[in-house]
Amino acid sequence: MGVSRRGLLAAGGVLGAAGATGSAAVAVPGTAAGASAAAARGGRRVRTGFERLAADGYAALAGQRVGVVTNPTGVTAEVRHVVDVMHADDRVRLVAVFGPEHGFRGTAQAGGSEGRYDDPATGLPVYDTYGRSGRALADVFAAAGVDTVVFDVQDAGARFYTYIWTMYDCMVAAELAGRRFVVLDRPNPVGGRAALGPVLDRAYATFVGREPIAQVHGMTVAELARLFNGEFLARPVRLETVRMAGWRRRDLFDATGLPWVPPSPNVPTPDTALVYGGTCLFEGTNLSEGRGTTRPFELLGAEGVDRRWAEAANALELPGVVFREAYFTPVFSKFQGRTVGGVQLHVHDRAAFDPVRTGIGLLVTAKRTWSGFAWRADRWIDKLTGSATVRTLIDAGAGPDEVAAAWARDLAAFRAVREEYLLYR
């Protein structure tokens, strides 16, 4: 797998118990879902890394010129954006914002960004990080005049969700520019009980996977930052992580009491995130992954697909999920304006559900039941799965168990390394 055991350097500290004191009382989000989730847990709600930072009077940022890497998910429990909150607070010197894919305010679709502009709400300069890495990104940090780069973005829990690699690239660039890097932690929306699926082969590294981690990593962004710093960065950055309070590894997003803000246009709900780590693999095929519908990554299909796919998928008896024959008409992306047949996933036991095994089972049965099945010509599936193994095994007629057995050794090795960097139990 190529993972070292250098270990996390002392610079990768965690804000201590002081962050949990002070102005700790924060109202439960003003939404029915948030209120009911918090009520079900006796009023307990997860407090994000930002909330703990603010409660500590921004002590970790004292005397620093600060730039924030964030997007629309960087919000408080009252859904105020952290940039707006920090800009209005004299205790922190916020001088710049850095926008990832989809942009700081979220105006761009997949594969797009907002470019360089001044934010109308705050007057702060907004710099575009999308597509930049290494020295080019370090130069952006230098031009912005920041001493500390803060990262506060909600992840979706899958290796190919690009915000974790934005964080990775920013860590590398911050080290090159001689800047500190502070990660404000947020929940992994699909929980953190286990890592699942194939581990990336570095020969297949791209922006949907820079380093050898599992397809569903089961880590928070702060834990990933510690892993990146301790195992992968050639020269570790001066890293600090501000952990959450109240989050447990078994918690899915609706158990946190926090408001859900779509981290990108095609992950509209926590239910989307739950299946995304497996069904995003259909981006690597000629089937629709549900983009252009109201249930992206839960609806899958193509012209010519019929009830046989759902029947074959249900025959696998995959844990925690059943499949419904479905027909839909995407309004953009693959099959735009055309009615296609396929399946809809219905997860009935989230604790038992394995998104990666489900995604593999759906690929296997789609190929077996639809003669038109094809991989994308650019072999995008290899980038998503992290090697050519999944594709070649499925092409050879392998079933889900045989495909999963091929990644078992690398996954076990990754799980052992991952354990060293976990912050929560």
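Structure notes:
- Å² per residue, accessible surface of the chain at 1.4 Å: 36
- Karplus-derived HN-Hα couplings along the range 302-319 (A = 6.51, B = -1.76, C = 1.60, θ = phi - 60°), whole Hz, x at Gly and Pro: 6, 5, x, 7, 10, 4, 5, 5, 4, 4, 5, 5, 5, 5, 5, 6, 5, x
- Two numbers describe the Cα atoms of the range 173-325: Rg and Dmax, which are 18.3, 58 Å.
- By a 1.4 Å probe calculation restricted to protein chains, residue 87 has an accessible surface near 80 Å², given to the nearest 10.
- Residue-averaged [θ]222 nm for the chain, counting only DSSP H segments that reach four residues, each worth -39500 (n - 2.57): -8000 deg cm²/dmol
- Among the protein heavy atoms of the chain, carbon and sulfur supply 51% of the accessible surface, probe 1.4 Å, non-protein parts ignored.
- On Cα atoms only, tilt of 355-369 relative to the major axis of the chain in degrees: 30
- Tilt relative to the chain, helix 408-419 - C-alpha long axis, 0 to 90 degrees, to 10: 20
- Expressed as a fraction of 2.2 N^0.38 Å, the C-alpha radius of gyration for the range 266-425 is 1.04.
- 0 to 90° range, to nearest 10: angle between helix 134-144 axis and the chain longest Cα axis: 40
- Near residue 305, the amide H atoms lying under 5 Å from its own belong to 341; only residues 5 or more places off or on other chains count, and H is placed 1.01 Å from N.
The values are calculated or read from the model by the stated rules, or taken from the named source; none is laboratory data. These numbers come from a predicted model, not from an experiment. SASA here: full protein model, heavy atoms, side chains in, ligands and nucleic acids out. Shrake-Rupley method; radii C 1.70, N 1.55, O 1.52, S 1.80 Å.
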